[in-house]
1. Before we move on, is SER218 among the hydroxyl-bearing types (Ser, Thr, Tyr), closer than 24 Å to GLY108 by Cβ, out of contact with any Pro (no Cβ under 9 Å at 6 or more places or on another chain) and surrounded by 15 or more Cβ atoms within 10 Å (Cβ to Cβ)?
2. If a residue must be over 13 Å from the mean Cα position of the chain (by Cα) and exposed (fewer than 15 other Cβ atoms within 10 Å of the Cβ), how many such residues does the range 237-256 contain?
3. Consider only pairs whose beta carbons are under 7 Å apart and that are at least six residues apart or on different chains; among these, list those whose first residue lies in the range 168-187 and is touching a residue at least 40 places away in the same chain (Cβ under 8 Å) and whose second residue is part of a loop (DSSP other than H, G, I, E, B) and open to solvent by less than 30 Å² (accessible area, probe 1.4 Å).
4. Which residue out of VAL45, VAL89, VAL56 is over 30 Å from VAL105 (Cβ atoms), touching a residue at least 24 places away in the same chain (Cβ under 8 Å) and out of contact with any Asp or Glu (no Cβ under 8 Å at 6 or more places or on another chain)?
5. Residues that are under 29 Å from ARG84 (Cα atoms), at least 3 per element: which helices (runs of 4 or more DSSP H) completely within the range 143-256 meet that?
6. Could you grab me the full set of residues in the range 77-121 that are among the small types (Gly, Ala, Ser), crowded, with 16+ Cβ neighbours inside 10 Å and closer than 17 Å to ILE206 by Cα?
7. Pairs needed: first member in the range 237-256, farther than 13 Å from ASP208 by Cα; second member anywhere, of a type in the set (S, T, N, Q); C-beta distance under 8 Å; at least 6 residues apart or different chains.
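The values are calculated or read from the model by the stated rules, or taken from the named source; none is laboratory data. For clarity, every value in this text was computed on a predicted model and none was experimentally measured. All Cβ positions, glycine included, derive from the backbone under ideal geometry; neighbour counts span all protein chains shown. Note: accessible area is taken over every heavy atom of the protein model, side chains too, but ligands, DNA and RNA are not part of it. Shrake-Rupley method; radii C 1.70, N 1.55, O 1.52, S 1.80 Å.
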Amino acid sequence: MPRVVPAVNRALDVLELFLDCPQLSARQVMERLGLPRTTVHELLVTLEARSYLISVPGQPVQYRLGMPLFQLGAAFAGRLDLVREAQCVARDVAAACDEAVHVAVLDGADVIYLVKFDSTHPVRMVSAVGRRLPAHCTAVGKVLLSGLDQAGLDALLLRGALPGMTPDSITDPDRLREHLERVRAENVAVDIGESDTAMRCVAAAIRDHSGTTIAAMSLSAPIIRWTPEAHVEWTGLVREGAAALSARMGYRAQPR
């Protein structure tokens, strides 16, 4: 195995401290990393010489992140491809459960499926990449609607009654608002026969570097395989998959 360079590791440890603090002193860096004063001084001097850290004006013993880190982050963000990254993660989730996995985005009042991996079971969900469905009838759609601000949600719901796909679809705007509150609280949505009476689905949000919900991932299975035990397991899988894809899109979960 190639050798990990300790000095580079320590320099990255220093930079990562600034993810949670806008500025730090040399003493704070030393205390948080448990490194000797000389080592911290050499690291800070090196990072400052390359402009990865800069001294805070008027506070020479305080440091903050420098412009090269913004440039690197912007270059990374500019090369992100949601579909490509989603295919990698969704493939793994589908392999773990052998059920259909989708990634979808919101387009007006509808969702559009960008990525799909099928189950190998003979009885499985019928869907396709590019398919459009009413957002309020699907688990991915309810996750995406729950991520809208009040004005955005009002623009979609103040039109009156919503179209239904099955008798279980939520068609009353006020009832949907209440339902979306639960989705926000639980960070997961379910479709219990709301788009297809024979199917069940669970979905979670995919977020970008700013924390904005940009897509949703779902796991769908026929009702014959949707046992209480499977529901719990698959909810965990879709949460993990959505979190992994969010991390690929630059999202960093805040510590609880």
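1. Details: among the hydroxyl-bearing types (Ser, Thr, Tyr): yes; closer than 24 Å to GLY108 by Cβ: yes; out of contact with any Pro (no Cβ under 9 Å at 6 or more places or on another chain): yes; surrounded by 15 or more Cβ atoms within 10 Å (Cβ to Cβ): yes.
It is true that SER218 is among the hydroxyl-bearing types (Ser, Thr, Tyr), closer than 24 Å to GLY108 by Cβ, out of contact with any Pro (no Cβ under 9 Å at 6 or more places or on another chain) and surrounded by 15 or more Cβ atoms within 10 Å (Cβ to Cβ).
2. So the first thing to find is which residues in the range 237-256 are over 13 Å from the mean Cα position of the chain (by Cα), and the list is 237, 255-256.
From what is left, the residues that are exposed (fewer than 15 other Cβ atoms within 10 Å of the Cβ) are 255-256.
Matching residues across the range 237-256 total 2.
3. Going by the 7 Å Cβ cut-off, the qualifying pairs are LEU176/LEU162; LEU176/ILE170.
4. Numbers: VAL45 fails: touching a residue at least 24 places away in the same chain (Cβ under 8 Å); VAL89 fails: over 30 Å from VAL105 (Cβ atoms).
Testing whether each residue is over 30 Å from VAL105 (Cβ atoms), touching a residue at least 24 places away in the same chain (Cβ under 8 Å) and out of contact with any Asp or Glu (no Cβ under 8 Å at 6 or more places or on another chain) leaves just VAL56.
5. Values: elements: 150-157, 173-186, 228-248.
Output list reads 173-186, 228-248.
6. Correct list: ALA86, ALA90, ALA94, ALA104.
7. Correct list of pairs: VAL238/SER218; ARG239/ASN187.
Let's see how each residue does on (1) in a helix (DSSP H, G or I); (2) touching a Ser or Thr at 6+ places or on another chain (Cβ under 9 Å); (3) open to solvent by 80 Å² or more (accessible area, probe 1.4 Å):
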residue: ALA11; (1), (2), (3): yes, yes, no
residue: CYS21; (1), (2), (3): no, no, no
residue: THR38; (1), (2), (3): yes, no, yes
residue: HIS41; (1), (2), (3): yes, no, yes
residue: VAL45; (1), (2), (3): yes, no, no
